[in-house]
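Here the structure is laid out as structure tokens; the discussion comes afterwards.
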Amino acid sequence: MAKGDMLTSERFGFDELRPADGRSVLVFCPRKTPPVDLSLLRAQGWGVTHVSKPQAAHALMDRMPGGVGVLCLGAADEALVPEAEALLEHGDTRFRWVAVLDHTLLKNEALNRVVAHCCLDFHVVPVESTRLLHSLGHAWGMAVLGRNRRFAATEARVENNIIGRSPAMLDAFQRIRKISQSDAPVLIQGETGTGKELCALAIHANSVRTNAPFIAVNCGALPDKLIQSELFGHEKGAFTGAHQRKIGRIEAAAGGTLFLDEIGDLSLDLQVNLLRVLQEGTYERVGGMETLMADMRVVAATHVNIEHAVTEKRFREDLYYRLNVLRLEVPPLRGRKGDVELLARHWFNAFAKEKNPQVKGFSRSALEAMRQHDWPGNVRELINRVRRAMVMCERSLILPADLGLTYDVRSVPAAAKTLAEAREEAERTAITGAMGQCGRNLSAAARQLGISRVTLYRLLEKHEIAY
């Protein structure tokens, strides 16, 4: 690369050199002359940006929508291994990397580990141009797939971090929008782990009180002797240990929203006190004589059947009617058809930094096992299983066993296939067969199928076939 080209790259960055089809490669090499023929890459239609400093590479990657990176390190660059590691991990799934190394660096254990975990391929100097072009093509395809998955995940994010597109959740979103326009008390009912507090936060965020505090109280987690002080506050000397005045949650929520989680676990005595607050809008701190005004919206939530609790005299009927002005039922995960895979992929991306680097996604059998599971712990259980599988899985794709689930292929209902579905199935069968016959040798399988190695990589990702 000419000196002028390098200065242009470092000064102006990726946008100045991007080709019309978007295929771009960022070359990081501490030396002015990389061991890669940059003119050849340009002649093959690549937009090339060469940077010699890690800071410049990080800045460019923040501006780029994604692409291919080439890490070039020579024998004298061993001290740059920590910086190289940070660079390779910087771009998440938007970037895919290829390493070009001096053969002496293959003895560096730390660098070997980084390249094995973060690079799709590596080359030893001198570089064979034809093979390098194949590596870049594969890396570009993988980067595009990663970027598409990332965009697909963001499309599902709606209503203040509540994720879903099933009919049940779309109905819940509509109810949240309507409820947010009122200032009346709300009762949210749903199983444990369905996201009741997220719904309460969404109601608050879309209401006229959005700029005031959102104060949450878990009624089931506080002892009866403390919850009155937590809710109403207390004066100095009100009881042993009350060394100073304490502001209660009701007072802290002034102008905003008070979220009473697990309201069904509140004792009958405290239910009486809360009823007065809702009826009269006033209260006193424990040990105090001053009457204070309660200016907040109450949103309560419970996982128990509150009507049964009223019938069994465990919950006051008058308080029930005060709270149950507006009602929101949060559907269980098993009732959200189509959302399980959406949520699994979202949390896979959210915890990407924790996962085993070789894990790329979910196998088809894992997705089907998740669809079959009843999810008694709902979204909280799904997050737990996905997060654990990402760390413990030792393959490229997560299997049902990694999630602690079983997969019964007989329970998958048979359905008439469309022509497109039949083609997909035939394509997958052909690829699986070729991979098996060729001992999972990608080049040999591609030749047998009559396609390029890059196309085979794309199809493996499409069908989620481990390789």
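How charged is the neighbourhood of residue 244? Take every other residue with its Cβ under 13 Å from the Cβ of residue 244, and add Lys/Arg as +1 and Asp/Glu as -1. Before the final figure, lay out the partial values.
Values: positive: 236, 245, 246, 285; negative: 235.
Net of charged neighbours comes to +3.
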(message) Between segment 242-308 and segment 20-51, how far is it from one alpha carbon centroid to the other, in angstrom?
(response) 64 Å
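Within the chain, what percent of beta bridges assigned by DSSP are antiparallel, to the nearest 5? Provide the component values of the computation, followed by the final result.
On the way: 5 of 46 bridges.
Here the share of antiparallel DSSP bridges comes out near 10 percent.
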(request) Quick one: work out the % antiparallel among DSSP beta bridges in segment 162-331, nearest 5. (result) 15 percent
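Rounded to the nearest 500 deg cm²/dmol, what is the calculated helix-only ellipticity per residue at 222 nm for the chain, with -39500 (n - 2.57) per DSSP H run of length n ≥ 4? Please list the in-between numbers first.
Numbers: 20 runs with 214 residues, N = 467.
Estimated from H runs of four or more residues: -14000 deg cm²/dmol.
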(request) Could you size up the charge dipole of segment 336-413 around its Cα centre, putting +1 on the beta carbon of Lys and Arg and -1 on that of Asp and Glu, and report it in debye to the nearest 20? (result) 180 debye
(request) Quick one: go through segment 107-132 and flag any residue whose amide nitrogen is under 20 Å from the point 7 Å out along the Cα-to-Cβ line of residue 440. (result) 113, 115-122
(request) Spit out the partnerless Cys residues in the chain, using Cβ distances under 4.7 Å as the pairing rule. (result) 118, 119, 199, 219, 393, 438
(request) Work through the residues other than residue 294 whose Cβ is under 14 Å from its Cβ and net out their charges, Lys, Arg +1 and Asp, Glu -1. (result) 0
(request) Assuming R0 = 25 Å, can you tell me the calculated FRET efficiency for the pair residue 252 and residue 221, based on Cβ-Cβ distance, to the nearest 0.05? (result) 0.90
(message) Can you tally the net charge around residue 401? Count Lys and Arg as +1, Asp and Glu as -1, for every other residue whose Cβ sits under 13 Å from the Cβ of residue 401.
(response) +1
(request) Work out the charge dipole of the chain with +1 on the Cβ of Lys and Arg and -1 on the Cβ of Asp and Glu about the Cα centre, then indicate which of 454, 250, 350 is farthest towards its positive end. (result) 454
(request) Note down the nm distance, to one decimal, between modelled labels 7 Å out along Cα→Cβ at residue 380 and at residue 44. (result) 5.3 nm
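Relative contact order, percent, of segment 316-383 when contacts are C-alpha pairs under 8 Å separated by at least 6 residues? Don't skip to the answer; put the middle values down first.
Working: 23 pairs, mean separation 30.3, N = 68.
Reported as a whole number, the value is 45 percent.
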(request) Of the listed pairs 107/353; 196/462; 107/360; 178/337; 225/246, which have alpha-carbon separations greater than 25 Å here? (result) 107/353; 196/462; 107/360
(request) For residue 131 and residue 178, calculate 0.36 nm times their separation in residues minus their Cα-Cα distance, and state this gained length in nm to one decimal. (result) 11.0 nm
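State to the nearest 20 debye the size of the charge dipole of the chain about its Cα centre, where the only charges are +1 on K and R beta carbons and -1 on D and E beta carbons.
So the dipole magnitude of the chain works out to roughly 1020 debye.
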(request) For segment 371-400 and segment 435-463, write down the distance between their C-alpha centroids in whole Å. (result) 28 Å
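Each value in this text was obtained by applying a stated rule to the coordinates, not by laboratory testing. Just so we're clear, the structure is a prediction, and the values are computed from it rather than from any experiment. All Cβ positions, even for glycine, are placed from backbone atoms using ideal geometry, and neighbour counts span all protein chains on display.
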